[in-house]
Amino acid sequence: MPVERSNASSSSGRQRSGRGGGGGGGRGRGGRAGGPSYRGGRGRGQSRGGRGRGRGRGGSSNHVEPYSAPTYPPQATLYFRSANDPELNTKMDQPGVKSIRFGVDFDVQDQHLLAIVQRPTLAANLAVFALGDSDTGYGGRLSDNAVQSFLSAAPNLVSLQLDACTHLSNATLVHALESCPRLEHLRITGNDKVSGNIDSKALKTIRERPDLGANLKELVLFDQHRLGGHKELKATTNARKGLVIREGETLGDGIADNMIAAMTGGAMMTAWKNGKMVGMDVDDGYYGLGGFDMPFF
């Protein structure tokens, strides 16, 4: 497959095509901007600085851009920085909300989703929803039952991002596609230290049920270690023409993580469409490949 190298740097912050919903040809780390614009960025809360990085490769003729979620005016968007927000419940009661994003420092738990479920009008109007963070691990306390209850109450979702939700199973992925027929973008990830619970059986279900997620354009499954390898990704995207699946490993922000990445080659992600790999990129960390030498003691 002809490939071209891409420069993954970004001025928007910590672009990580891996984590912000994106992938494609480069993985620079771009900002945790509030939610899923996903042009390679992590789509996570407020921007945390800027260190473009990565050495990506993408098929020059087949490369596909990461999904870009709908955006709404400020009065239709809720952003919660932390669970200590004194106006959390008040904000949820305001009319016309189309988008909710929980920040990277918000330890989202079942009761926060159930608070939305208890507001049927709010839930039914939602088009964009994003939570979780791989580095903090927030998202890892959510259960299948709570997430599925939320999905049943929010049938008009178009973009759904559930980062670091390590306890969510295949059943929740399928439930999302069944309950939200308008869904175009679905992202369920583990984190850089703990794998998620989505496996190859979920991909098999998607292959065998063309009615499931008929409008789905992009499925992002980072840090899911039991997907069955490239064979499963090839088969699934070949059966579901036009669907892009992004998978691979994310790299932590710790110094040790980045030291190891510099010495071993970092973490890799791939993008698949129509039975072919259409993008591959590697995150070498802060130091870059070979940019850190372990001193001898």
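Every number here is computed from the coordinates shown, using simple stated rules; none is lab data. Note that this is a predicted model, so its numbers are computed, not measured.
Structural remarks
- Each residue of region 158-174 is assigned a 3J(HN,Hα), and the resulting list reads 10, 10, 10, 10, 10, 8, 6, 8, 5, 9, 6, 9, 3, 4, 6, 4, 5 Hz, derived from the Karplus form 6.51 cos²θ - 1.76 cosθ + 1.60 (θ = phi - 60°), x at Gly and Pro.
- Working note: Karplus 6.51/-1.76/1.60 with θ = phi - 60° gives region 276-282 the couplings 10, 6, 10, x, 8, 8, 10 Hz, where Gly and Pro are set to x.
- For K193, the lysines whose Cα comes closer than 29 Å to its Cα, not counting residues fewer than 8 places off in the same chain, are K201, K204, K217, K231, K234, K273, K276.
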